[in-house]
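Visitor: Mind looking over this structure? Questions follow.
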Amino acid sequence: MFQASVVKWILLYLVISPTIFIICLSDIHSTNLLAAKRKRMSNRVRKMFYHAYDNYMMHAFPHDELKPLTKTYTDSLSELGNLKLEHLPQQYNGSALTLIESLSSLAVLGNNTEFEKAIIWLSENLSFDVDARINLFECNIRVLGGLVSAHILATDSTNRLVQGIYKNQLLVLAEDLGRRFLPAFNTPTGLPYAWINLKHGVTVDETTETSTSGCGSLILEMGALSRLTGDPRFETAALHALRKLWSMRSSLNLLGTTLDVATGDWIEYSSGIGAGVDSFYEYLMKAYVLFGRDEIWKMFQSAYIAVQKYFRHGPWYHEADMRTGIATYWQLTSLQAFWPGLQVLVGDIEAANSSHREFFKVWKKYGVLPERYLLDHQMLHPTEKYYPLRPELAESTFYLYQVTKDPWYMEVGESIMNSLNAHTKVKGGFASIRDVTTMQLEDHQHSFFLAETCKYLYLLFDDSFLLNQNYIFTTEGHPLPVRSNWHEKLPEAYNLSNGSSIKNGEQIKRTSAMSLQVCPASMIQHEPNTRRLESACHIPDTRADHRCFSEDDCGVDANTCKRRSCSMAGYCGLWSII
Ligand code: DMJ
């Protein structure tokens, strides 16, 4: 009897152990394959970056941007028909914009030599004492953000620069630029003008019209500048503008798209999550992570819930009138594709994933993401058929990979890379696409292709840059470290010296700003060593038994971010489909 059972176990062992061995081997094999693929892909992105960078340096530097078809340069970032007013002025000669924008990408790629060379050149040659009318928002995210981020990277503890070479030259330049921004905030409302002359300040007949993102997305760069220089004026001005803007919200917690900085009146009441508004939401969330102000978190939470409630339709986001919440335009825009990435920081992963999939479907349909797509007609916008090498889909793909580690996102990244190489790569760099139906090219390589598109694709396949530091990326893809001395109350999980780790029972998991999965403020400590993960949009019902007497007693569902309603029987739930 005993012998029979021993024989049975031996036989079982002989059958099972090779199987386990084979499974283990195939696991190791697929891990190796994955690692090899990541290496191959990151090398391909590296090549793309240098193709764009070298051509810029050869044919356009020290001007702003490269014209890759004619191998010349441009100092005007004019993008007609775009509410974002993505311009820098024509007279703004020789600001080496693409070089400034490339600094943090060079650091991400680990190219210390080129990073140093660029810093030295900029230190010796860049001057903002020029009679040039610049767009405050664009100059802030591209130039100020590029300089501040590079300054931090040049001085961080990993010593990216040879000791002694760097003497804060970029910070000196950034401070000079920041001071030149300040007169723009001198308005009756504190909301800044969209345009300012770097030498002479605001011109007498300057337009008082600006966009929500234009005056509401300055806090990361200007806040960082204040923390670095000790001069509070930059952060104060940006914060004051943000507070004023928030005070102009409707009773539905919605904002419009354009407004008047002199009167504080809205001009365009319709808004969504795309052009003219996008980075306003982004900066609320990211400013909270970077500076930890509860006030900003509350703004973000209300704004986020309103977006999910009034703009979201399944995986899509339409526009709505801020006063009524009634849908206005049913359009997908290329800029909206950043939203799933932001949702990763928020912790709304399911929603992020489903929207990302829809954006990628449109990318696949056309080969790239068209600027505007009419959701109600399932067709392209008649005039906005262009694709100017925008980064937003790659950006969201990177965030979703960080949080899920699902290899599917690497497939998406590979597909984006293939399209960029097939449709936009030319001898002289990477060209924008004028019309996605014909793939006709336009002679423009935007600086954000180097600051963002290449950076996010690279980080998707090689995130070693993120290993020893938690970063928040500005809307232009420039990394700013999450530091405890910048923070009102830095959550433990963000603090590297505490370990970038979440302690969950006995298990300590390494984490980063991208893989926390939830906004840290929403992490609830139940008992010592246990944390419950809360979605940012979650508002609990008033009563623990979910009983209600009116709608006011019901909260917001954590998974769908939809408002729960009170049923006739007196219980809160997701009773109606919105
Ligand atoms: C970039 O300059 C920034 O990401 C901005 O917030 C939106 N537009 C471009 C890229 O598309």
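Visitor: Let me cross-check V45: its accessible surface, 1.4 Å probe, with only protein heavy atoms counted, in Å² to the nearest 10?
Guide: 0 Å²
Visitor: Sort E488, E384 by heavy-atom solvent-accessible area, probe 1.4 angstrom, most to least. Can you show the working numbers first?
Guide: On the way: E488 115, E384 25 Å².
Result of the area sort, largest leading: E488, E384.
Visitor: Just the accessible area per residue of the range 255-371, please: how many Å² with a 1.4 Å probe?
Guide: Result: 27 Å² per residue.
Visitor: Run the quick spin-label model on A569 and I28: label points 7 Å from Cα toward the beta carbon, then report their separation in nm to one decimal.
Guide: Here the modelled spin labels are 5.7 nm apart.
Visitor: Still on this structure, I have one more. How much of the accessible area of the range 252-342, probe 1.4 Å, is carbon plus sulfur, in whole percent?
Guide: On the way: 1170 of 2350 Å².
The nonpolar share, carbon plus sulfur, comes to 50 percent.
Visitor: Could you run the Karplus curve 6.51 cos²θ - 1.76 cosθ + 1.60 with θ = phi - 60° over the range 112-128 and give me ³J(HN,Hα) per residue in whole Hz, x for Gly and Pro?
Guide: So the J values, rounded to whole Hz, are 4, 4, 5, 4, 5, 4, 5, 4, 5, 4, 5, 4, 8, 10, 7, 9, 9.
Visitor: List the lysines whose Cα lies under 27 Å from the Cα of K39, skipping any in the same chain that are fewer than 8 positions away.
Guide: K47, K117, K361, K364, K405, K425, K427, K455, K509
Visitor: To continue, here is another question. Measuring from label point to label point, each 7 Å out along Cα→Cβ, what is the K37 to T542 span in nm?
Guide: Placing both labels 7 Å along Cα→Cβ, they lie 5.2 nm apart.
Visitor: Just reorder K455, K199, K117 by solvent-accessible area, largest first, 1.4 Å probe, all chains present.
Guide: Values: K455 5, K199 95, K117 125 Å².
Final ranking, largest accessible area leading: K117, K199, K455.
Visitor: While we're here: Report the label-to-label distance for K199 and M248 in nanometres (one decimal), using points 7 Å from each Cα along the Cα→Cβ vector.
Guide: 3.1 nm
The values are calculated or read from the model by the stated rules, or taken from the named source; none is laboratory data. If you're wondering where the values come from, they're calculated on a predicted model, not measured in any experiment. Glycine gets a Cβ as well: all are built from the backbone with ideal geometry, and neighbour counts include every protein chain shown. To get the accessible areas, we keep the full protein, side chains included, count just its heavy atoms, and leave off ligands, DNA and RNA. Shrake-Rupley method; radii C 1.70, N 1.55, O 1.52, S 1.80 Å.
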